[in-house]
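S.K.: Questions regarding the structure given below will be posed in turn.
Since every read-out is calculated from the coordinates, none of them should be taken as a lab result. Values in this document were obtained by computation on a predicted structure and should not be read as measured data.
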């Protein structure tokens, strides 16, 4: 599928773009391309130059960091339609410090890094929105780091499912157990047990690579407090300014 021109209708599905005043958005639109996000496409590769940033309109991207002495990587954050993949460019980075790959398929607006930095010099409103997202994203990363140390895999699995559902706005979505194990930093057998615990209680259903959330209130009750902390910060930092 080839990229299509950006439209002023679909941009509203990305939370950051929807917060921009008309003049700022008009300045960005010529530099945005709407492209498909296909699983497991790499958007950033650790150590390589960052050539584009991405504003997802649906789908979910995982940010994976290397762990010294370990053979695998672990998820340190996720980005969906609430944010931007490639945030480090905003702070002056030229090369990726982590991998970013598509976890759930969707679409995103792609923008050249040079165009983004030029826009930040031209549009103060864009700088404000990116600062607000940066604050929320840093809370997510730090909260998830603490969560991985102190909360059970079932609690963390429930948190991950809730955060994913928030970004896709549907009860059902694709879920690869191997990916989920990487995201949670756990072996696949442990992930299977956590899923089984939620499934046996009638909170979720899982079949043929698709998870369906059957009882969101009980899923929230099964999650660690980290989910609510992260959700509250995003809602506060990315609320429309009055």
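S.K.: In the Gaussian network model of the chain, springs joining C-alpha atoms below 10 Å, which of 221, 194, 119 carries the largest mean-square fluctuation?
M.R.: Of 221, 194, 119, the most mobile in the Gaussian network model is 221.
S.K.: Using Stokes-Einstein with the Kirkwood hydrodynamic radius over Cα pairs, what translational diffusion coefficient do you get for region 4-147 at 37 °C and a viscosity of 0.692 mPa s, in µm²/s rounded to a whole number?
M.R.: Working: Rh = 15.4 Å.
Roughly 214 µm²/s, to the nearest whole number.
S.K.: Okay, next question. Just to be sure I understand: with springs between alpha-carbon atoms less than 10 Å apart, which residue in 36, 217, 49 has the highest mean-square fluctuation in the Gaussian network model of the chain?
M.R.: Greatest mean-square fluctuation among the candidates belongs to 217.
S.K.: Between the alpha-carbon centers of region 184-242 and region 32-67, tell me the distance in whole angstrom.
M.R.: Computed from Cα coordinates, the inter-centre distance equals 23 Å.
S.K.: If I build a Gaussian network model for the chain, linking alpha-carbon pairs within less than 10 angstrom, which residue out of 195, 178, 105 has the largest mean-square fluctuation?
M.R.: Of the options given, 178 has the highest mean-square fluctuation.
S.K.: Just need log10 I(q)/I(0) for region 152-223 at q = 0.12, 0.22, 0.24 Å⁻¹, Debye formula, equal scatterers on the alpha-carbon atoms, no solvent, rounded to two decimals.
M.R.: -0.25, -0.93, -1.14
S.K.: Show that you can apply the helix-only estimate: for the chain, add -39,500 (n - 2.57) for every DSSP H stretch of four or more residues, divide by all residues, and state [θ] at 222 nm to the nearest 500.
M.R.: Working: 9 runs with 104 residues, N = 242.
Rounded to the nearest 500, it is -13000 deg cm²/dmol.
S.K.: Another question, then. For Cα pairs less than 8 Å apart in space and 6+ apart in sequence, what is the mean separation divided by the residue count of the chain, i.e. the relative contact order in percent?
M.R.: Once divided by the residue count of the chain, the mean separation gives 21 percent.
S.K.: Continuing with this model, one more query. Kirkwood Rh, Cα Rg: Rg to Rh for the chain? If you can, show how the numbers build up before the last one.
M.R.: Working: Rg = 17.8 Å, Rh = 18.5 Å.
Using Cα coordinates only, the ratio equals 0.96.
S.K.: For helix 124-150, what angle does its Cα long axis make with the longest principal axis of the chain, in degrees from 0 to 90 and rounded to 10?
M.R.: The two axes meet at around 20 degrees.
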